[in-house]
Structure formats: structure tokens, C-alpha cells
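Visitor: One structure, as C-alpha cells, below. Some questions next.
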Amino acid sequence: MRQKQQLTKLGQLANLLLDSRLAVLQAAARAKLESEAQLAGLMAPQPLAEQISEIAGALAALNYQRWADARRAELNMLLARQTVTWMEARDHAREAFGKKQALGGLATKLAAFKPKED
């Protein structure tokens with residue numbers, strides 16, 4: 001009976017670990033998606049303002065492109081870091097899931113095991 005209690009407690013810990021790792025994975029994925037959306041927003045060309053002269057419009061567009069290029073570079077660096085964080089969180093969640101599955105299998109085998117009574 002002691003082994004079953006230990007496995008039950010280990011199973012509960014494995015469930016908590018999995019929940020924690022999945023929450024971290026979800027937060028990392030959400031942050032990554034937000035950065036991807038910001039980057040996609042910068043890819044669309046901005047329309048030129050019609051109220052200003054052609055030269056002023058071209059200068060404004062050039063300034064915007066310079067700013068957008070710098071912002072894209074920042075977002076790409078951020079996205080690279082977030083991707084690494086997401087991949088690590090995914091791997092940790094997989095590991096926690098594997099531990100939970102292994103403990104579940106052990107608990108099932110232990111429950112099915114009936115010692116011989118002489």
C-alpha cells in the first residue's frame with residue numbers, strides 16, 4: 001500500500017509540474033505570437049498622405065521606412081529570443097508529460113499487480 005501512496009503523490013506532483021510547464025509554454029507562445037503580429041504589421045506599406053507635397057510625402061515615407069527597418073530589426077531579435085524561450089518551454093512540457101505518462105503506467109501496473117498469497 002505504501003508504494004501506491006507514493007505513486008499517487010508522485011502522480012500529483014507530475015500533474016502540477018505539467019500544469020506549470022504548460023502555463024509557461026502558453027505564455028511563451030502568446031508573447032511570440034504578439035511579436036509576430038507586430039512584425040507583420042510593419043510589413044504592410046503605409047499609404048502616402050495626400051495633403052502634403054510630393055517631396056514632403058517622399059521624405060515622410062523614407063523616414064517611416066527607416067524607422068520601420070529599425071523596428072523590424074528589434075522585433076526580429078526579440079522574436080529570436082522568444083522562439084528560443086518557446087522551444088525550451090515546449091521541451092520542458094514534453095518532459096513533464098512523459099514523466100506523468102510514465103508514472104501513470106507504473107500506477108496502472110501496480111494496481112493490476114496482486115501479490116501471491118500462500
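Visitor: Output the relative contact order of the chain, whole-number percent, from Cα pairs under 8 angstrom with separation of 6+ residues.
Guide: Rounded, it is 53 percent for the chain.
Visitor: Can you give the calculated 222 nm mean residue ellipticity of the chain, where each DSSP H run of n ≥ 4 adds -39,500 (n - 2.57) and the sum is split over every residue, rounded to the nearest 500 deg cm²/dmol?
Guide: -32000 deg cm²/dmol
Visitor: I'd like the Kirkwood hydrodynamic radius of region 2-112, using the inverse of the mean 1/r over distinct C-alpha pairs, in Å.
Guide: 17.8
Visitor: Hey, which lysines would be in cross-link range of Lys109, C-alpha to C-alpha under 19 Å, not counting anything within fewer than 8 residues on its own chain?
Guide: Lys4, Lys9, Lys99, Lys100
Visitor: Go ahead and run the numbers for FRET between Ala37 and Leu62, Cβ-Cβ distance against an R0 of 25 Å, rounding to 0.05.
Guide: Working: r = 25 Å, r/R0 = 1.01.
The computed FRET efficiency comes out at 0.50.
Visitor: Given a Förster radius of 25 Å and the C-beta distance between Leu22 and Phe113 as r, what FRET efficiency does 1/(1 + (r/R0)^6) yield to the nearest 0.05?
Guide: 0.20
Visitor: Please state the charge dipole magnitude for region 2-112, taken about the Cα centre, from unit charges on C-beta atoms (+1 on K and R, -1 on D and E), reported in debye and rounded to the nearest 20.
Guide: Dipole of region 2-112, to the nearest 20 debye: 1140 debye.
Computed from the coordinates by the stated procedures, all read-outs in this text should not be read as laboratory data. All values reported here derive from a predicted model rather than from experimental measurement. In this analysis, Cβ positions are derived from the backbone assuming ideal geometry, glycine residues included, and neighbour counts consider all displayed protein chains.
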